[in-house]
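Worksheet: the structure to be examined is printed underneath.
Read-outs throughout are calculated quantities, based only on the coordinates presented, and are distinct from any laboratory measurement. All values derive from a computational prediction rather than experimental measurement. Quick reminder, even Gly has a Cβ in these numbers, built from the backbone with ideal geometry, and neighbours come from all protein chains shown.
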Amino acid sequence: MTGTASADLVFTGGPVHTGSPARSRARGVAVRGERIVAVGHDEVRELIGPRTEVVDLDGKLLIPGFQDAHIHPVGGGIEMGQCDLSHAEALPEYRELIAAYASAHPDDAWITGGGWSMEAFPGGLPTAAELDSLVPDRPAYLVNRDHHGAWVNSAALRLAGIDRHTPDPADGRIERDADGEPTGMLQEGAANLVGRLLPEVTREERIAGLLRAQELLHSLGVTAWQDALLGSHANLTDPTDAYLACADDGRLTARVVGSLWWDRARGTEQIEELIARRAAGTRGRLRSTTVKIMQDGVAENGTAALLGPYLDSCGCRSDNSGISFVPPEDLKKYVTALDAHGFQVHFHALGDRAVREALDAVEAARAANGWTDHRPHLAHLQVVHPDDIGRFRALGATANMQPLWAAHEPQMDELTIPFLGAERAGWQYPFGDLLRAGATLAAGSDWPVSSPDPLEGIHVAVNRIVPEAPEGTPVFLPEQRLTLQDALTAYTAGSAYVNGLDAETGTIAPGYLADLVVLDRDPFAGPAEEIASTRVEGTYVGGRRVFG
């Protein structure tokens, strides 16, 4: 027991999941100010005074706050206020939502938004003609759910000057019909041919997007996150000013690490700018201490970087192995320099070639700079060659997983597995292998690409089936399942480690910050199939209730 003064807040009546391997369960927690002062059992009640707020858990589970290690909250929050298709699944629903939004916003120069699923369209490719029937009078630009492509109408193509003679950019592809005419789907860097023409998102809209997202994330038990893109890329707006405004006036209640965008069209000359941005972007609850390098694209559109070619629709080897956005030798040089300047590096590495290239770059930095504690991490990890599994532990590179993607669903079964082939399809999202090999696991959502709900992600990490899968859906690579303990640890202590917050968050212990979440039940006491039914009843950051 720490001191004799009364606590400000006491949770009693357990259970408490501390996240500590030495004592994983308790029944009471006391908080004074921002920090935990006691963790124990009935003796914690001795710190209850006349002004203490008491929360009787009564079978509800108290856990450390969730931390999202890879997310885009400001963009997600902005999209919530645009033509939001993320809660629909099929073309008839999209048609209804787009038409209704366009009708409700007759004065908007553009129709913008997104969140549509590729599996809703043949081959994952919507057409401008379809969108023209809904928005014939002005340009429309709707990003897909993974944000690696955009569906545009004919007005947008005309405005951007895109026709059969327009070459594909080096980092993207214009989808075309048999005659070479653009069809209305722009992949990766090609989306920016239209995206750069979009009306600028205002500072006020960015702030509103951040606050909208923060409210949602707190309602899901998220107390901290790593924003995976601070800077300007394609049509994405730089959210830095929104974070700084809210950090200065106290509206930023979450703890945030910002990943500064690495401009892959430039080289090491940008590092001095990144150093200045790190200093300017670190205050209050915001720390811009990371650099994000996007090494490849996504498998569904053939831009994830693979060690061997994709298969084509006939099951034969194609001439496409994806795109390494940064040449591997340059990547080694850049990562070594960033590490030498004290930056954490956050890689987007989805295909097995991109994963290997990122690990090779970390290895080069270790060889040049020695073993620093900058905690590089690789996000997504859809396809990992078995030879590279053990390198995560050997190099101290954290595996940043997005568990919701590790399941059978149409995008996986129709747009991914047939084009990877059986062997590579079996290397997908190898969370179990990584854990058994000693890798540190962190977890994130990549929202708005997929749901920001950590409990849904944990459900899939444990079951390898999405929460509402049709009966009879097979388990996706069952040997890669995690236990509930391991999945929950990835979303708490693992992500706290990636965020550099592990010395005072991620577990429930005396002296730690009181970043805590009350669940409506103890998911450890029920079947694994019901994990996603768990709901958040209260969220606290530094002992202050921010939801519930």
- Going by how many other beta carbons lie within 10 Å of each one, how would you line up Tyr94, Tyr243, fewest first? Tyr94, Tyr243
- Descending packing, highest mean Cβ count within 10 Å first, for 177-184, 312-319 is 177-184, 312-319
- The helix 91-104 Cα axis meets the longest alpha-carbon principal axis of the chain at an angle in degrees, between 0 and 90 and rounded to 10, of 90 degrees
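Computed FRET efficiency, Cβ-Cβ of Asp107 and Asp319, R0 41 Å: what is it to the nearest 0.05?
Calculated value: 0.30.
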- Message: Can you compute 3J(HN,Hα) from phi for each residue in segment 378-386, using the Karplus curve 6.51 cos²θ - 1.76 cosθ + 1.60 with θ = phi - 60°, rounded to whole Hz and x for Gly and Pro?
- Response: 10, 9, 5, 6, 5, 10, 10, 5, x
- Exposure proxy ranking, count of Cβ atoms within 10 Å, fewest first, for Ser321, Ser232: Ser232, Ser321
- lysines with Cα under 29 Å of Lys292, excluding same-chain neighbours fewer than 8 positions away: Lys332, Lys333
- Relative contact order %, the chain, counting alpha carbon pairs below 8 Å whose residues are six or more apart: 17 percent
- Item | Sites Glu204 and Glu479 - FRET efficiency at Förster radius 51 Å, r taken between beta-carbons, to 0.05 | 0.55
- Sum of -39500 (n - 2.57) over DSSP H runs of 4+, divided by residues of the chain (222 nm, nearest 500): -7500 deg cm²/dmol
- Query: Going highest first, how would you order 506-519, 141-154 by mean Cβ packing within 10 Å?
  - Reply: 141-154, 506-519
- Express in whole angstrom the spacing between the alpha-carbon centres of segment 317-373 and segment 64-90. 28 Å
- To the nearest µm²/s, what D does Stokes-Einstein give for the chain at 25 °C and 0.890 mPa s, using the Kirkwood radius over alpha carbon pairs as Rh? 102 µm²/s
- Could you work out how far helix 203-219 tilts from the main Cα principal axis of the chain, as a 0 to 90 degree angle to the nearest 10? 50 degrees
- Query: How far is helix 352-369 tilted off the main Cα axis of the chain, in degrees rounded to 10, range 0 to 90?
  - Reply: 60 degrees
- Could you list, bin by bin from short to long, the percent of Cα-Cα pairs of segment 110-195 in 5 Å steps? 3, 16, 30, 29, 17, 5, 0
- Per the rule of 0.36 nm per residue minus the C-alpha distance, extending Arg51 to Asp249 adds in nm 68.5 nm
- Taking R0 as 41 Å, what's the FRET efficiency between Glu471 and Ser24 from their Cβ-Cβ distance, rounded to 0.05? 0.75
